[in-house]
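Remarks on the structure that follows.
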Amino acid sequence: MAKIIGVGTGSPAAKAGVCVGDILTKIGDTAIHDVLDYRFAAMEQDLTLTVTRGEQELQFQIRKGEYEDLGLEFETALMDEKKTCGNHCIFCFIDQNPKGMRQSIYFKDDDSRLSFLQGSYITLTNLTDEDVDRIISMHMTVNVSVQTTNPELRNKMLGNKQAGDSLRHLYRMAEAGVSMNCQIVLCPNWNDGDELHRTLADLFGLLPAVESIAVVPFGHTKHREHLCKIDGFTEETARAAIEQIEAVQAWSLKENGSRIVYAADELYLLANLPLPDADAYEGYPQYENGVGMLRYLSDEFYDALETAEYNGDARFLTIATGTAAAPFLQQMMTDLQAKFPSVHCQVLPIRNDFYGETVTVAGLLTGQDLLHQLQNRELGSMVLLSEACLRYDDVFLDDMCRGELENALGVPVCKCQTDGYVLLDMVLGNNA
């Protein structure tokens, strides 16, 4: 039910007479069930809104700018409930969380609308044929978590006997020209090697609908009690995956003029291999999936450093980050100090005791691990953290607030965007 809880002052809806408490039922001939119906139908300049107000059905004629918002607010962003995931994936990170965390941590979504709105990945197992009809008619771009195109293996990996059959939605959307970005969560001895070759071959067969493919390594925490056994990545297995992916890239670059498939930064770090140059990411189509993020950060940082100026005052501060990216950031700070000797920014790698040492990314650091490993150390004027550590209203994954950490350490704890220019400004104090 699309109940209206806010009408923007001076908005087209307000001028037409729409009120808080009205229930939006139709725009033109389109019944409004959720945000996708709403956005699709509200694109026109001349609209007829149908609402119910108490026992009355009312209609409002609205004329607006082509991209102008109607000015309506609803109870939830989706205008109804999120679709939860019905899978039991062998690699699911949520299942590897310890007990006693806030409830939102355990929620699994698998909602095609969030794929369109927020870029999240869906497994297709929640889709009906009617959902696919709507995706096609609305010309949506969809992000699909594929894992494997082997139906039997997909059933096992997703823990859902319908997972293999749901691949038909992938093929149908591709045939209809729906743009898709795909993801493969790589699990050693499950969907790597020959199975990865099969999956990539099948996805390349869906070009140009498949615009990009990310291969990301399975995340292994210490809280896998009673879960399916999956071997963690070693340097050797990570290198084998990189070699396989880069061989496909070379072939695709020759055949298609684009690499199409990209390995996540974390896979290169696990393999102890240098990151590719920026050109190899071809505009970073899988940036939000952790593909090329460190290369982009580095290139921005060094571009900014080349023309940066500093007043010469002594400055000392700390960057706290995951163990994977720490050497990468340390080199950047060493090069910064070579240009500005009075600036010392130490990089402290934080071991992830909460999830286990196999979890090395900054985005999964907790407040308690930061506190235990930073307290009683000389930290300087501030501690910089990746904004990925604090996605939920300045709260870490273990429910510690940023303010609590600041009070315990006795220095400001500041979030920094994944942006090389912003990082340099914060280290030099130019953002004050």
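The values are calculated or read from the model by the stated rules, or taken from the named source; none is laboratory data. It should be emphasised that the depicted structure is a prediction, and the values quoted were computed from it without experimental measurement. Reconstructed Cβ throughout: ideal geometry from the backbone, glycine too, with neighbour counts over all protein chains shown. In case anyone asks, the SASA skips ligands and DNA or RNA and just uses the protein heavy atoms, side chains included. Shrake-Rupley method; radii C 1.70, N 1.55, O 1.52, S 1.80 Å.
Name the helices (runs of 4 or more DSSP H) wholly within the stretch 78-166 that hold at least 2 residues that are at pLDDT 60 or above and closer than 22 Å to ASP194 by Cβ? Please lay out each step first, then the result.
Working: elements: 112-118, 129-137, 151-158.
Filter on the stretch 78-166 gives 151-158.
Figure legend. Inter-residue proximity from the stretch 37-65: first residues in contact (Cβ under 8 Å) with a residue 12 or more places away in the chain and closer than 20 Å to ILE5 by Cβ, second residues loosely packed, with under 12 Cβ neighbours inside 10 Å and polar (S, T, N, Q), beta-carbon distance below 7 Å, spacing 6+ or different chains. Indicated pairs: LEU49/GLN59; THR50/GLN59. When the stretch 294-311 is limited to residues that are polar (S, T, N, Q) and either open to solvent by 20 Å² or more (accessible area, probe 1.4 Å) or under 12 Å from LEU428 (Cα atoms) (or both), the one that is modelled with the lowest pLDDT turns out to be ASN311. Exactly one residue out of SER145, SER137, SER179 is of a type outside the set (Phe, Trp, Tyr) and in contact with an Asp or Glu (Cβ under 8 Å, 6 or more places away or on another chain): that is SER179. Of the residues making up the stretch 49-75, those that are open to solvent by 60 Å² or more (accessible area, probe 1.4 Å) and either under 17 Å from ARG39 (Cβ atoms) or touching a His at 6+ places or on another chain (Cβ under 8 Å) (or both) are GLU66, TYR67, GLU68, ASP69, GLU73, GLU75.
Scanning the stretch 269-293 for residues that are at pLDDT 95 or above and assigned to a helix (DSSP H, G or I) turns up ALA278, ASP279, ALA280, TYR281. Within the stretch 146-169, is even one residue touching a strand residue (DSSP E or B) at 6+ places or on another chain (Cβ under 6 Å) and farther than 26 Å from GLU236 by Cα? Among the residues of the stretch 146-169, not one is touching a strand residue (DSSP E or B) at 6+ places or on another chain (Cβ under 6 Å) and farther than 26 Å from GLU236 by Cα, which makes the answer no. Of the residues making up the stretch 127-184, just one is free of Cβ contacts under 8 Å to residues at least 12 places away in the same chain and either in contact with a Gly (Cβ under 6 Å, 6 or more places away or on another chain) or surrounded by 16 or more Cβ atoms within 10 Å (Cβ to Cβ) (or both), namely ASN155.
Take the conditions (1) open to solvent by 50 Å² or more (accessible area, probe 1.4 Å); (2) in a loop (DSSP other than H, G, I, E, B); LEU206 misses just one of them, which is (1). If you go through the stretch 245-272 and keep only what is in contact with a helix residue (DSSP H, G or I) (Cβ under 6 Å, 6 or more places away or on another chain), open to solvent by 20 Å² or more (accessible area, probe 1.4 Å) and in contact (Cβ under 8 Å) with a residue 24 or more places away in the chain, you end up with VAL248, LEU270, ASN272.
Condition check ((1) touching a Lys or Arg at 6+ places or on another chain (Cβ under 7 Å); (2) at pLDDT below 85; (3) more than 27 Å from ILE122 (Cβ to Cβ)) across all residues:
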position: MET1; (1), (2), (3): no, yes, no
position: GLU44; (1), (2), (3): no, yes, yes
position: GLN56; (1), (2), (3): no, no, yes
position: PHE74; (1), (2), (3): yes, yes, no
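Each residue in the stretch 217-237 was checked for being open to solvent by less than 30 Å² (accessible area, probe 1.4 Å) and modelled with pLDDT of 95 or more, and 0 pass. One residue alone among ALA320, ALA325, ALA314 is small (Gly, Ala, Ser) and open to solvent by less than 10 Å² (accessible area, probe 1.4 Å), and that residue is ALA320. Looking only at residues in the stretch 351-379 that are at pLDDT below 90 and either open to solvent by 30 Å² or more (accessible area, probe 1.4 Å) or among the hydrophobic types (A, V, I, L, M, F, W, C) (or both), the one that is farthest from ALA320 (Cα to Cα) is THR358. The residue that is farthest from ILE350 (Cα to Cα), counting only those in the stretch 380-393 that are loosely packed, with under 15 Cβ neighbours inside 10 Å and under 24 Å from the mean Cα position of the chain (by Cα), is ASP393.
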